[in-house]
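Below is one structure, written out as structure tokens; the observations come after it.
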Amino acid sequence: MKPLGQTSSWEELSEERRYHCDAELPENEEITLLSRLIFAEAAGESTLGKEAVGCVVRNRVEAPSKYQREFGSGYKGVITKPGAFAGVGSRLWNLVDNVESLRKEDCEALKECIETAGSIYYGGISDPTDGAQFFISGASLPTWLERAVERGRIIETVQIGGHRFFKYKD
């Protein structure tokens with residue numbers, strides 16, 4: 001592939017269009033949802049960044065029952081809770097519906113997200129976020145999170161790649 005701004009030959013363009021993504025979504029619905037979320041929220045992040053985003057979901061699933069109303073129940077409930085994750089329903093989330101047409105880079109990222117999701121689901125990955133239940137990408141905090149941090153209810157645990165991670169201070 002040519003660097004951005006340079007014209008590719010017809011042969012190179014045809015080769016790019018012929019690429020067929022062979023990523024397979026798991027039969028387990030919860031792992032598939034977790035794979036989609038990690039892809040939507042962290043496709044361009046390092047392996048550690050993908051693991052961290054996925055661990056936030058696991059941390060919510062495993063949170064004490066007093067948080068169940070806020071976070072939802074089980075992986076499906078946590079991921080699909082309205083407003084919980086900006087990536088749900090996003091362009092990247094929806095790209096997974098047509099795996100065969102993904103570009104090679106996106107296909108490789110999706111494969112890594114699927115592998116990461118399975119490992120998180122079955123407990124094979126240690127949490128790099130120190131128990132975080134929230135993450136943001138970007139420098140500025142949403143108002144609700146900024147206020148909770150100022151009041152000491154929520155603390156920042158770590159920054160990994162383009163994401164900052166937070167948890168309730170219990």
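Cysteines in the chain that lack a partner Cβ within the 4.7 Å cut-off: Cys55, Cys113. Using only Cα coordinates, the Kirkwood hydrodynamic radius of the range 47-170 works out to 15.4 Å.
Straight-line reach from Lys81: taking Cα to Cα under 24 Å and skipping same-chain neighbours fewer than 8 places apart, the lysines in range are Lys50, Lys66, Lys167, Lys169.
When only Cα pairs below 8 angstrom with a gap of at least 6 residues are kept, the range 59-170 shows a relative contact order of 18 percent. Excluding same-chain neighbours fewer than eight residues apart, the aspartates and glutamates reachable from Lys111 by a Cα-Cα span under 15 Å are Asp22, Glu24, Glu27, Glu41, Glu45, Glu51, Asp97, Glu100. List every DSSP H helix in the chain whose Cα atoms extend 18 Å or more along the helix's own long axis and whose mean Kyte-Doolittle hydropathy is at least -0.5. Helices meeting the criterion: 29-42, 47-61, 104-121. Averaged over its residues, the chain has an accessible area of 57 Å² per residue, based on protein heavy atoms and a 1.4 Å probe. For Glu30, the accessible area of its heavy atoms, probed at 1.4 Å with every protein chain present, is near 50 square angstrom.
The values are calculated or read from the model by the stated rules, or taken from the named source; none is laboratory data. None of these values were measured; they are calculated from a predicted model. A quick note on method: Cβ atoms are made from the backbone with ideal geometry, for glycine too, and the neighbour counts reach across all protein chains shown. Just so you know, the surface numbers come from the protein's heavy atoms only, side chains and all, with ligands and any DNA or RNA stripped out. Shrake-Rupley method; radii C 1.70, N 1.55, O 1.52, S 1.80 Å.
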